[in-house]
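Peer 1: One structure is given below, represented as structure tokens, and several questions about it will come after.
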Amino acid sequence: MIIVNNQMISKEQAQIDIEDRGYQFGDGVYEVVRIYNGVFYELDAHFKRLERSASEIKIKLPFQLKELKTRVEKLVTLNNVHSGHLYLQVTRGAAPRNHPFPVKAEPVLVAYTKEYDHEPSRLPGRAMFTEDIRWLRCDIKSLNLLGNVLAKQESQERGFDEAIFHRGDIVTEGSSTNVFMIKNRIVYTHPANQLILDGITRRKILSLANDLGLQVKEEAFTKDELLSSDEAFISSTTQEVRPIIEVNGHTIGSGKEGDVTAAIHAEFVKSLPVSVN
Ligand code: PMP
């Protein structure tokens, strides 16, 4: 089953207007929420970010978050999801194609779940650098993902696990992840401004690192600083905490997952809904 507006229907029954602005302009916002053992992880934080993204592009959500929560929880139960995610998007709606906001369009909500056949890899990964050619509102989780898609595609074609964006010398984030580095046991990541998406996993990690007594700095760092860091990792809802052991062919630190990364990951696992694994 999937959710389309107020209905809970099968995927085959769903109808999307070809003039939906999400389809024609990428005019909408979305969220991906992990489900562990049938339970959402950080659902309220994702909903809050959805509300903010929608408000930044002046879409009025066509539902109360409380009501949406009940419905997505029902969806997970109906679909019997054990380990997977919820994808949820809201577009500005359907109207004859024209750039200005339509006067009459009603926002369209689509939500569905996906059960994983296997857990996403958190094996140490290799990354490449790529110039951040995206717009200057990367804080909005919008459907416009071309810059991210092109970067990820290039990284895959070149045999890497992630593309790390930089604006000039400054590292911003990954194509679908936030980037962290550790130097002298201090955890660094780009500040949550308009140049990055403030990841829900990123925020969780900052708070867990703090609980672990680590010093945390939301400060931008350069490509060279990343290359000469002691440890690096990427984070996202689906990839969790994933060590990065090589960037552009340069080995990071020992070339293996570092102690601080391992400690943060262990703490992250402890924060997941109970009885995972
Ligand atoms: N940055 C970008 C560009 C992303 O697409 C994602 C994944 N949604 C993230 C960061 C990580 O965000 P989160 O931890 O909320 O999944």
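The values are calculated or read from the model by the stated rules, or taken from the named source; none is laboratory data. Just so it is clear, the structure is predicted and the values come from calculations on it, not from any experiment. Cβ: placed from backbone, ideal geometry, glycine included. Neighbour counts: every protein chain shown. For accessibility, only protein heavy atoms count, side chains too; no ligands or nucleic acids. Shrake-Rupley method; radii C 1.70, N 1.55, O 1.52, S 1.80 Å.
Peer 1: Look at LEU136 and say whether it is open to solvent by 10 Å² or more (accessible area, probe 1.4 Å), within 16 Å of the ligand (Cβ to nearest atom) and assigned to a loop (DSSP other than H, G, I, E, B).
Peer 2: Numbers: open to solvent by 10 Å² or more (accessible area, probe 1.4 Å): yes; within 16 Å of the ligand (Cβ to nearest atom): yes; assigned to a loop (DSSP other than H, G, I, E, B): yes.
Yes.
Peer 1: Pairs, please: C-beta under 6 Å, at least 6 apart or cross-chain, first residue under 19 Å from PRO124 (Cα atoms) and in region 148-169, second modelled with pLDDT of 95 or more and open to solvent by 60 Å² or more (accessible area, probe 1.4 Å)?
Peer 2: From residues that are under 19 Å from PRO124 (Cα atoms), the pairs are PHE160/ARG126; ASP161/ARG126.
Peer 1: Ok, one more. Considering only region 188-243, state which residues are over 18 Å from LYS256 (Cα atoms), among the charged types (D, E, K, R) and within 16 Å of the ligand (Cβ to nearest atom).
Peer 2: Selection gives ASP198, ARG202, ARG203, LYS204, GLU218.
Peer 1: Among the numbered criteria (1) within 14 Å of the ligand (Cβ to nearest atom); (2) out of contact with any Leu (no Cβ under 7 Å at 6 or more places or on another chain); (3) open to solvent by less than 10 Å² (accessible area, probe 1.4 Å), which one does ILE182 miss?
Peer 2: (1)
Peer 1: Then there's this: Which of the residues belonging to region 247-262 are open to solvent by 10 Å² or more (accessible area, probe 1.4 Å) and within 14 Å of GLY174 (Cα to Cα)?
Peer 2: ASN248
Peer 1: For region 221-277, enumerate the residues that are free of Cβ contacts under 8 Å to residues at least 40 places away in the same chain and in a strand (DSSP E or B).
Peer 2: HIS250, THR251
Peer 1: Right, another one. Within region 105-130, can you find the residues that are open to solvent by less than 90 Å² (accessible area, probe 1.4 Å) and in a strand (DSSP E or B)?
Peer 2: VAL108, LEU109, VAL110, ALA111, THR113, GLU115, GLY125, ALA127, MET128, PHE129, THR130
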